[in-house]
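Here is the structure we will look at.
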Amino acid sequence: MPQMSRVIHIIRISFSVIGAGLVLFLFLNYSETLDTPLREYFTMDFFGQTGAQNSVAAIYLNYRVFDTLFEALMLMVSVMEVINVSWRNKHAEQYQFEKDHINRKNNSEIVIRMVGVIYPFVLLIGLYIIINGHVSPGGGFQGGAILATALISRYLVYPNFDLDLHILEKLEKILFLSIVLTPVLYVFMQIQPANTELSNQIYMILMNSLIGLKVFSGLSIIFYRFVFYEGR
Amino acid sequence: MFQSFLLLVLLALACVTVFSDNLRRSIIFLGSFSLTIALVYLHYNAPDVALAEAAIGVGLSTIMYLVALKKISVYDICYINAGAEEFNDDQIDEIMETIVRPLELFLERTEEIEPQIAYTNQSLEHTVKENKHDFIIERRGNLTYLHGDTTDPVFQDIIANMNEVIKDVSEIRIVFRDQEVNTDATDE
């Protein structure tokens with residue numbers, strides 16, 4: 001048997017070496033020069049067509065909005081996985097939640113003061129990045145992640161569980177539904193009140209805010225589930 | 001020039017993150033790795049990606065790792081050198097190679113718990129009264145005393161693997177704190 005497994009081992013290693021060599025060979029010999037039709041399509045007149053001053057926002061909210069829908073779906077599926085495939089479900093009988101377990105003693109005083117000072121600025125920059133996403137770098141995902149960081153740093157100061165995760169969970173699903181509906185109506189079916197720059201910009205801001213809130217609730221749910229339900 | 005400097009810093013930070021002995025240090029190095037790679041993205045004209053990396057890599061994942069590390073168990077070790085009159089860093093450097101490093105490595109690799117070592121020159125009674133340490137190493141002249149509980153499996157493992165854990169110390173006595181009363185009673 002050891003002889004056999006050794007042969008298999010050698011076959012595996014040679015297979016991966018040959019595969020890597022093939023990929024590298026093809027990659028290094030690939031010298032086709034393409035014209036730039038796609039780049040021109042995306043960058044020539046994106047401001048006039050979509051109303052976004054930032055070409056990245058133009059791509060992910062208008063030209064390639066289909067990708068955004070599935071990214072949002074992916075985050076929602078992972079949140080649902082975290083909730084349903086949980087350690088707590090298997091050990092429900094021995095699990096009990098400690099209520100109002102105020103535990104400030106272990107936390108550093110420096111961290112508490114500094115988080116209190118920084119907190120409003122973090123919220124402000126998160127909202128700024130969401131609302132200004134179609135003008136400057138940023139957008140819904142980045143702003144939502146910063147907002148979630150603000151909520152998570154709250155745990156460092158006040159490690160008690162008084163959030164209602166069910167509301168956040170429902171909010172996330174409703175937000176996902178509206179994230180799907182808005183571009184389907186506005187971009188795919190072209191049901192627009194007026195095809196002007198202003199309406200395009202309102203659509204961008206609306207989509208960015210929806211994505212930002214959804215990412216915020218999704219990441220917060222994942223963090224608080226991990227901290228309060230998965231730990232022993 | 002600036003570009004290759006950034007990439008080399010990235011490589012160094014990644015290596016330090018992987019090879020670091022202490023988990024908390026690894027997490028901080030990972031955060032600085034994320035910050036540097038955000039700078040690299042900015043240098044390559046991708047501010048959107050840089051913003052996402054800064055928010056996720058530096059903010060979210062660092063806090064998440066730190067909270068997770070806080071939830072795993074920490075083994076509290078105290079080194080007492082009551083004979084020393086003055087307290088300075090040379091004494092810590094002295095025991096660094098013989099006791100601290102091997103003990104840290106043993107606890108992390110074999111027991112998979114996080115060691116935390118304190119150093120003091122106060123007396124044993126004072127230290128025991130002040131804090132509840134899991135494991136106390138006491139140096140009295142040439143003798144080294146190890147204090148611990150019999151119910152503590154980690155302490156038992158340390159004693160069983162003493163040759164690996166504590167190097168270059170010839171005279172070692174082991175004191176079981178919870179059995180002390182019994183042995184006194186038999187002596188009398």
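Side notes on the structure shown:
- Solvent exposure of A:M114, expressed as accessible area, is near 100 Å², computed with a probe of 1.4 Å over the protein chains only.
- P(r) histogram, all alpha-carbon pairs of the stretch A:184-232 included - 10 Å bins from 0, percent: 22, 32, 20, 15, 10, 1
- With DNA, RNA and ligands ignored, accessible area of A:I130 (1.4 Å probe; Å², nearest 10): 10 Å²
- Axial C-alpha extent at least 27 Å, average Kyte-Doolittle at least 1.6 - helices from chain A (DSSP): A:109-131
- Euclidean distance between Cα centres, the stretch A:42-70 to the stretch A:104-171, Å: 28 Å
- Note on chain B: dipole from Cβ charges, positive end direction compared against B:T110, B:A68, B:L30; the farthest Cα belongs to B:L30.
- Shape of chain A from the C-alpha gyration tensor: oblate (a/c of 1.5 or more and a/b not above b/c, with a ≥ b ≥ c the square roots of its eigenvalues).
- Peptide B:52-62 shows a mean partner chain C-beta count of 5 within 10 Å per residue C-beta.
- For the pair B:K70 and B:E111, label points projected 7 Å from Cα toward Cβ lie 2.3 nm apart.
- For the stretch A:10-70, the gyration tensor built on C-alpha atoms gives an oblate shape. Its axis ratio a/c (a ≥ b ≥ c) is at least 1.5, and a/b is not larger than b/c.
- Computed [θ] at 222 nm, helices only, for chain B once each DSSP H run of length n ≥ 4 contributes -39500 (n - 2.57): -15000 deg cm²/dmol
- The figure for A:V17 is an accessible area of roughly 100 square angstrom, using a 1.4 Å probe on the protein chains alone.
- In this simple spin-label model, placing a label point 7 Å from the Cα along the Cα-to-Cβ direction at both A:R64 and A:F121 gives a separation of 3.4 nm.
- Chain B and chain A together bury an accessible surface of about 1400 square angstrom, both sides counted, with a 1.4 Å probe and no ligands or nucleic acids included.
- Take the Cα of B:D89, step 7 Å toward its Cβ, do the same at B:E164, and the gap between the two points is 3.1 nm.
- When the alpha carbon coordinates of the stretch B:1-86 are projected onto the principal axes, the ranges are 60, 31, 22 Å, largest first.
- Shape call, chain B: gyration tensor on alpha carbons, a/c limit 1.5: prolate
- Calculated FRET value between B:D149 and A:S55, using beta carbons and R₀ = 60 Å, to 0.05: 0.40
- Between B:A82 and B:D157, the contour length at 0.36 nm per residue exceeds the alpha carbon distance by 24.4 nm.
- Projected-area mean, the protein assembly as shown, by convex hull of Cα positions, square nanometres: 33.2 nm²
- Positive contributions from Lys and Arg (+1) and negative ones from Asp and Glu (-1), summed over other residues with Cβ under 13 Å from the Cβ of B:A160, come out at -4.
The values are calculated or read from the model by the stated rules, or taken from the named source; none is laboratory data. In this text the structure is predicted, and so the values were computed from the model without any measurement. In this analysis, Cβ positions are derived from the backbone assuming ideal geometry, glycine residues included, and neighbour counts consider all displayed protein chains. SASA here: full protein model, heavy atoms, side chains in, ligands and nucleic acids out. Shrake-Rupley method; radii C 1.70, N 1.55, O 1.52, S 1.80 Å.
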